[in-house]
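**Q** Have a look at this one.
The values are calculated or read from the model by the stated rules, or taken from the named source; none is laboratory data. Bear in mind the structure is a predicted one, so any value in this text is a computation, not a measurement. Using ideal geometry, Cβ is built from the backbone for each residue, glycine included, and neighbour counts are taken over all protein chains shown.
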Amino acid sequence: MATTSIRGSAFNLDLNGRHHKAALGVFMFIVIAHWAEHVVQAIQVYAWGWPLADARGVLGLPFPWLVTSEWMHYGYALLMLVGLIMLRKGFAGSSRTWWNISLGIQVWHHMEHLLLLAQKLSGLYLAGRPVPTSVLQLVLPRMELHLFYNAVVFVPMVVAMVLHRRAKEQAGANCTCAPVLVPAT
């Protein structure tokens, strides 16, 4: 058990140390690709006039089950939550504050997806709706709500990363994300 803990700790130190920049890059690629799917779906509805049932983003066109799979949506929400938690220790100062804001919003977003998945599995739907419904979906349509969620998680995450890349924000951080400053000669 102690060996697993030591290995897990070393992994976390590497992830938030020498591999932090690469891990953030991979994480942001996944986040942006997911958000792009939601943006494409909105373009399909609002710019191209497609019915919502036909607007499935890019990957949802050849794989329509992706759009309707509560497991897939929950899995992504969980991946986001785990990524935000695992990469958190690499941040310091105000960049950590912004990362924490993103994490806090993602906790709620994750809970909404957990609620949707529980409804799908149980067949018992919120407020007597005919389909799984999240709390905020009671006042906002699902497509627009997920665009909103992705934006309000993404924006503070980007602010955190921009601040994090500044050398002055690196005090207390143990990573190589900040650019190396070469002294003037």
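**Q** If the requirement is being in contact with a His (Cβ under 8 Å, 6 or more places away or on another chain), within 20 Å of Ala151 (Cβ to Cβ) and hydrophobic (A, V, I, L, M, F, W, C), which of these qualifies: Leu84, Leu52, Leu78, Leu103? Lay out the reasoning, then the answer.
**A** Working: Leu84 fails: in contact with a His (Cβ under 8 Å, 6 or more places away or on another chain); Leu52 fails: in contact with a His (Cβ under 8 Å, 6 or more places away or on another chain); Leu103 fails: in contact with a His (Cβ under 8 Å, 6 or more places away or on another chain).
Exactly one of Leu84, Leu52, Leu78, Leu103 is in contact with a His (Cβ under 8 Å, 6 or more places away or on another chain), within 20 Å of Ala151 (Cβ to Cβ) and hydrophobic (A, V, I, L, M, F, W, C), namely Leu78.
**Q** Moving to a separate point now. With surrounded by fewer than 18 Cβ atoms within 10 Å (Cβ to Cβ), without any contact (Cβ under 8 Å) to a residue 12 or more places away in the chain and at positive phi as the only criterion, which of Gly93, Gly49 stands out?
**A** On the way: Gly93 fails: without any contact (Cβ under 8 Å) to a residue 12 or more places away in the chain.
Exactly one residue qualifies, and that residue is Gly49.
**Q** Next up: Return the residues of segment 64-93 that are over 24 Å from Ala118 (Cβ atoms) and either out of contact with any Gly (no Cβ under 8 Å at 6 or more places or on another chain) or assigned to a helix (DSSP H, G or I) (or both); say none if nothing qualifies.
**A** Listed by number, the residues that qualify are Met86, Leu87, Arg88, Lys89, Gly90, Phe91, Gly93.
**Q** Still on this structure: Condition check: among the acidic types (Asp, Glu) and modelled with pLDDT of 95 or more. Does Glu112 satisfy that?
**A** yes
**Q** Please state which of the following conditions Gly104 fails to meet, knowing it meets all the rest: (1) without any contact (Cβ under 8 Å) to a residue 60 or more places away in the chain; (2) closer than 26 Å to Val45 by Cα.
**A** (2)
**Q** Condition first: over 16 Å from the mean Cα position of the chain (by Cα), part of a helix (DSSP H, G or I) and of a type in the set (D, E, K, R). Can you find one or more residues in segment 35-50 that meet it?
**A** no
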